[in-house]
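One structure below.
The values are calculated or read from the model by the stated rules, or taken from the named source; none is laboratory data. Small disclaimer: the values here were computed from a predicted structure and weren't measured. Cβ placement follows ideal geometry from the backbone for every residue including glycine, while neighbour counts extend to all protein chains displayed. In case anyone asks, the SASA skips ligands and DNA or RNA and just uses the protein heavy atoms, side chains included. Shrake-Rupley method; radii C 1.70, N 1.55, O 1.52, S 1.80 Å.
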Amino acid sequence: MSRKLLLVVTAMLVVAVTAAGLYAYLSPQRGSANVAEGRGVIVAAPVGGAFTLVDHTGRTVTDETFRGRYLLVFFGFTNCPDVCPLALDRFAQVLELLGPDASMVQPALISVDPERDTPEALADYVAGFDKRILGLTGTPEQIAVVVKAYRAYARKDAAAGAGDYGVDHSSFEYLMGPDGQNVYVFTNEATPERIAEAIRSRLDA
Ligand code: NI
């Protein structure tokens, strides 16, 4: 190897090591059992908080109802044409992939269309995907509280007619820990396998 080439290779190595160090510094590992950020996964976002809602059986639930288990939750509505059915399909696949460990996870849909999404409407809807998925609704005020707590958003599409409207909404999926703190936020890029892997990494920790 010529002297010049050796210098170039050394310089490249220095740059690579520096970049790796910087990356490690910016993405601290929070325990080896945790799944790293990226590929649709955001680690421990400052979201969540107190809420009171009603589930699809008519039972009043709060954030404390889910303590001791993992809550996998997202915001949507039963008349949603595409995003919500895909998310619920994904939840059903995650449950399937988790097998017996699924008992540690409560998947739930919080309606951003409380006017149409009665407990009865939600019961019919979630049962079409997996009976273990919980539908949650409430008064418009109760929904506004939980949407804000999770830094989600929902806006009624005013363009359509009175009874036939859509609701534009965020599509993040949140994994809350047994203590009610956020563990992961998943985007649309997260596959069911990735979500199941992330949940399992916590269960095995
Ligand atoms: Ni939707």
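Descriptive notes on the structure:
- Subset of the stretch 107-121 that is within 14 Å of the ligand (Cβ to nearest atom) and outside any loop (DSSP other than H, G, I, E, B) - its residue that is farthest from residue 176 (Cα to Cα): 111
- Test: residue in the stretch 83-91 that is away from the ligand (no atom under 16 Å from the Cβ) and either under 19 Å from the mean Cα position of the chain (by Cα) or open to solvent by 10 Å² or more (accessible area, probe 1.4 Å) (or both): no
- Candidates in the stretch 48-81 are the residues that are over 17 Å from the mean Cα position of the chain (by Cα) and within 16 Å of the ligand (Cβ to nearest atom); of these, the one that is least open to solvent (accessible area, probe 1.4 Å) is 80.
- Of the candidates 149, 159, the single residue that is at pLDDT 95 or above, aliphatic (A, V, I, L, M) and surrounded by fewer than 18 Cβ atoms within 10 Å (Cβ to Cβ) is 149.
- Filtering the stretch 97-119 to residues that are open to solvent by 10 Å² or more (accessible area, probe 1.4 Å) and without any contact (Cβ under 8 Å) to a residue 40 or more places away in the chain leaves 99, 100, 103, 114, 115, 116, 118.
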